[in-house]
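First the structure, in the form of structure tokens, and then the observations on it.
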Amino acid sequence: MKSIKSNKYIYPIISFLIIVSVGTTFGQKYIPLPKKNQLTWQDAELTALISYDLHVFDGKRYNQALNRINPIEDYNIFNPTKLDTDQWIRAVKDMGGKIAILTVTHETGFALYQSDVNPYSMKALKFQDGKGDIVRDFVASCRKYGILPGLYIGIRWNSNYGIYDFMVHNDNSPFAKNRQQHYNELCEKMTEELMSKYGELAMVWFDGGAHGPELGGPNILPVVEKYQPNIIFYHNTQRADIRWGGSESGMVNYPCWGTYPFPYSHSTNQKVIYSNNFQLLKEGDPEGQYYMPAMSDAPLRGYNGRHEWFWEPGDEEHIQPLENLMDMYYGSVGRNSTLILGLTPNAEGLIPQPDVMRLKEFGLEINKRFSSVLAKFSGKGFNHLLNLKGYMTIDHLVLMEDIAQGERIREFKIEGRTKNGWQLISNGSSGP
């Protein structure tokens, strides 16, 4: 758990007293512990979703509703003449990201790799003589720069196959049933290819969920678990290691607990989860019996009325200002969540230079604010005294709990010793 307090204090301070309350709450019998992959997720703090698909090349403004139902007329519009996945990952590294996630398939159904089971893939292209494999290049770039690779597999919509919300048009005809079975098997086989061909992956993301066989969808979970036992699994009716943070603002509510009352994020118990504007997803549950930390997602090009996960021409003015990105950092990482920032390679195959520069500014600003540590300590117990070398005006405090042991701190209070005596600096629970 990470908590950041960023108010500037009026008086110089020479000592801090941190008082914590540790234990369970109300009727909770035990504190759930995170798994290794969940610790990897929260330790990452900053991650990137790199979104790429055929409609990047059509020169039009992205229209999600239309892209879900209209097949692309000519898939050979895919022609990124300056494709450079190293450039993508350098941009992720510059902002301080630890995990990068690539959209292998999205709403068009086109697959960005060499698939032996899906003909609607890079094998069909004139580009690179049909031998290109962006997943291969992406994973290699991640390993080159020390970034953990993850894959996003979008199977909920597929305009090429006529799949809408996981399903073929449900008219109960033999054709529909056979087509659904064919699509389910295709999803399972594609998952097997992606989980087995590219080495160890940090994360797999089935956006919008992945219906299990109990809901008429593919049985992808056993495939993932067979080939990637340590992976972070996101969105499924059968398993969820992390949860959506309830908005695409890049922030979660305060407080935001890593514990949750249900074993799945939001594909079951929807009446409770969807109430109060997704409050449960945004805040978690301090009494929750399951460990399921939150993610906060937002596109980099989401400023001034726009919200773009894919590149569009002439959209640079909608890149988030630096101060907005820092607000996201405090509202996600500073509130016990991990931030996913959406990046948009263009039709040339590059993340545009204005985006690259903003990501670099973001990383430099985080480093500027947090790299000069005046004092630090760690320890066990309820009361902690931190003495400074002299009176100092402090602009940030960072509190972190060893969540490998579970979230045990229920409340905290910070007092600062000033020339006018001890004064309350901050108090709270799972957040600043």
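The values are calculated or read from the model by the stated rules, or taken from the named source; none is laboratory data. Small disclaimer: the values here were computed from a predicted structure and weren't measured. Neighbour counts run over all protein chains shown; Cβ positions are idealised from the backbone, glycine included.
Against the list (1) assigned to a helix (DSSP H, G or I); (2) crowded, with 21+ Cβ neighbours inside 10 Å, the condition Leu151 fails is (1).
For the range 392-412, a residue qualifies if it is under 21 Å from Ile31 (Cβ atoms) and surrounded by fewer than 17 Cβ atoms within 10 Å (Cβ to Cβ), and the qualifying residues are Met400, Asp402, Ala404, Gln405, Arg408, Arg410, Glu411. Just one of the listed residues (Gln38, Gln64) is out of contact with any Leu (no Cβ under 9 Å at 6 or more places or on another chain) and either within 28 Å of Lys360 (Cβ to Cβ) or at pLDDT 95 or above (or both), namely Gln38.
Does at least one position in the range 292-304 carry a residue that is in a helix (DSSP H, G or I), over 17 Å from Thr237 (Cα atoms) and not aromatic (Phe, Trp, Tyr)? Talk me through it step by step, then tell me what you get.
Restricting attention to the range 292-304, the residues satisfying the condition of being in a helix (DSSP H, G or I) are none.
No, because not a single residue in the range 292-304 is in a helix (DSSP H, G or I), over 17 Å from Thr237 (Cα atoms) and not aromatic (Phe, Trp, Tyr).
From the list Glu185, Glu200, Glu193, which residue is surrounded by fewer than 21 Cβ atoms within 10 Å (Cβ to Cβ), acidic (Asp, Glu) and part of a helix (DSSP H, G or I)? Break it down into steps so the answer makes sense when it comes.
Working: Glu200 fails: part of a helix (DSSP H, G or I); Glu193 fails: surrounded by fewer than 21 Cβ atoms within 10 Å (Cβ to Cβ).
When all the criteria are applied, what remains is Glu185.
Could you tell me whether the range 409-424 includes any residue that is within 25 Å of Val22 (Cβ to Cβ), of a type in the set (A, V, I, L, M, F, W, C) and at pLDDT 95 or above? Please lay out each step first, then the result.
Taking the range 409-424 as the starting set, the residues that turn out to be within 25 Å of Val22 (Cβ to Cβ) are 409-417, 422-424.
Imposing the further condition that a residue be of a type in the set (A, V, I, L, M, F, W, C) reduces the set to 409, 412, 414, 422, 424.
Filter again for at pLDDT 95 or above, leaving none.
No, there is no match, as no residue in the range 409-424 is within 25 Å of Val22 (Cβ to Cβ), of a type in the set (A, V, I, L, M, F, W, C) and at pLDDT 95 or above.
The residues on offer are Arg301, Arg335, Arg369, and the sole one that is charged (D, E, K, R) and in contact with a strand residue (DSSP E or B) (Cβ under 7 Å, 6 or more places away or on another chain) is Arg301.
Of everything in the range 341-388, what is in a loop (DSSP other than H, G, I, E, B) and β-branched (Val, Ile, Thr)? Give them in sequence order. If you could, list the steps in order and put the result at the bottom.
Restricting attention to the range 341-388, the residues satisfying the condition of being in a loop (DSSP other than H, G, I, E, B) are 344-352, 371-382.
Once the filter is applied, which keeps residues that are in a loop (DSSP other than H, G, I, E, B) and β-branched (Val, Ile, Thr), the range 341-388 yields Thr344, Ile351, Val373.
Tallying residues that are modelled with pLDDT of 85 or more, surrounded by fewer than 18 Cβ atoms within 10 Å (Cβ to Cβ) and part of a helix (DSSP H, G or I) within the range 214-226 yields 3.
Would you pick out the residues in the range 391-401 that are in a loop (DSSP other than H, G, I, E, B) and either more than 19 Å from Ala294 (Cβ to Cβ) or of a type in the set (Gly, Ala, Ser) (or both)? Spell out the reasoning first.
The initial filter retains those residues of the range 391-401 that are in a loop (DSSP other than H, G, I, E, B), namely 393-396, 401.
Residues satisfying the conditions are Thr393, Ile394, Asp395, His396.
The single condition from (1) at positive phi; (2) assigned to a loop (DSSP other than H, G, I, E, B); (3) of a type outside the set (Val, Ile, Thr) that Gln128 fails is (2).
The set of residues in the range 72-127 being free of Cβ contacts under 8 Å to residues at least 60 places away in the same chain, under 19 Å from Gly162 (Cβ atoms) and surrounded by fewer than 17 Cβ atoms within 10 Å (Cβ to Cβ) consists of Glu73, Asp74, Pro119, Ala124.
Return yes when Glu415 is of a type in the set (D, E, K, R), touching a residue at least 12 places away in the same chain (Cβ under 8 Å) and either part of a helix (DSSP H, G or I) or not assigned by TED's automatic domain parsing to the domain that holds Ile50 (or both) and no when it is not. Yes: the conditions hold for Glu415.
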